[in-house]
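Notes follow the structure.
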């Protein structure tokens, strides 16, 4: 009887420790879970706009997609973190778990006059993807970029834009359009990455599918699967 009670107490202790650990991890990742959800929401809203979304044939050619919700213009001016977002790349099973990035610096032109702007970046070829896997690069410097076409009016000019490594878009005050970014630095957020994946995995590990994240952070890649389940040549 005494031995049974001891075993029962040990089982309860293990359960309590496991539950406490899971709760602590969930609390630790709360911000990162929110980032993935926000990025997914922005992407759904943009793709749900009739004739004003990213053309599907463009999206289907993209190797990777990054979304930065609610980027604050003042963050670029003062040199702080202008925006935070997530990126996902195509892998054999669909889209990778999200890697976490910061966006800062650069010139955004006259369109970016609102307090906050959503940015969407499509990495269109192996060259663009390699820059993303390198954890830090300058858009328009290290990687060539162009304003992405919108809706059905993409037309013949689309072929020219596909020569760029990155196609960039922005949404400000409800207006969604292609926008050329210059001097913008995209860098891995090591703090967010550690919270979700631990101290070992790199952005490359996550974006190539070598490391999988918990289900709680996968809203963004799940949304990408909905709109573009596979890449076309």
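General remarks:
- Screening residue 184 with (1) touching a helix residue (DSSP H, G or I) at 6+ places or on another chain (Cβ under 9 Å); (2) modelled with pLDDT of 90 or more gives one miss only, at (2).
- Residue match in segment 50-62 (condition: in a strand (DSSP E or B) and either touching a strand residue (DSSP E or B) at 6+ places or on another chain (Cβ under 7 Å) or at pLDDT below 95 (or both)): no
- Condition check for residue 170: part of a strand (DSSP E or B), modelled with pLDDT of 90 or more, out of contact with any helix residue (DSSP H, G or I) (no Cβ under 9 Å at 6 or more places or on another chain) and buried (at least 22 other Cβ atoms within 10 Å of the Cβ): yes
- Cβ-Cβ under 6 Å pairs, at least 6 apart or on other chains, segment 117-131 side in a helix (DSSP H, G or I), far side surrounded by fewer than 21 Cβ atoms within 10 Å (Cβ to Cβ): 129/63; 131/137; 131/142
- Of the listed requirements (1) closer than 15 Å to residue 223 by Cα; (2) at pLDDT 95 or above, residue 93 misses just one: (2).
- Index of the failed condition, residue 81 passing every other in (1) closer than 20 Å to residue 36 by Cα; (2) modelled with pLDDT under 95; (3) in a strand (DSSP E or B): (3)
- Top-ranked residue of segment 64-78 - restricted to ones that are more than 27 Å from residue 230 (Cα to Cα) and modelled with pLDDT of 70 or more, ranked as surrounded by the fewest Cβ atoms within 10 Å (Cβ to Cβ): 70
So that you can scan it fast, the table gives a plain yes or no per residue for (1) over 15 Å from residue 62 (Cα atoms); (2) at pLDDT below 95; (3) touching a helix residue (DSSP H, G or I) at 6+ places or on another chain (Cβ under 8 Å); (4) surrounded by fewer than 17 Cβ atoms within 10 Å (Cβ to Cβ):
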| site | (1), (2), (3), (4) |
| --- | --- |
| 119 | yes, yes, no, no |
| 139 | yes, yes, no, no |
| 153 | yes, yes, no, yes |
| 177 | yes, yes, no, yes |
| 188 | yes, no, yes, no |
| 193 | yes, no, yes, no |
| 224 | no, no, yes, no |
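- Counting only helices (runs of 4 or more DSSP H) wholly contained in segment 181-233, the ones carrying 2 or more residues that are more than 12 Å from the chain's Cα centre (by Cα) and touching a residue at least 60 places away in the same chain (Cβ under 8 Å) occupy 190-197, 219-227.
The values are calculated or read from the model by the stated rules, or taken from the named source; none is laboratory data. Everything quoted here is computed from the prediction, not taken from an experiment. Note that we place each Cβ from the backbone using ideal geometry, even for glycine, and neighbour counts take in every protein chain shown.
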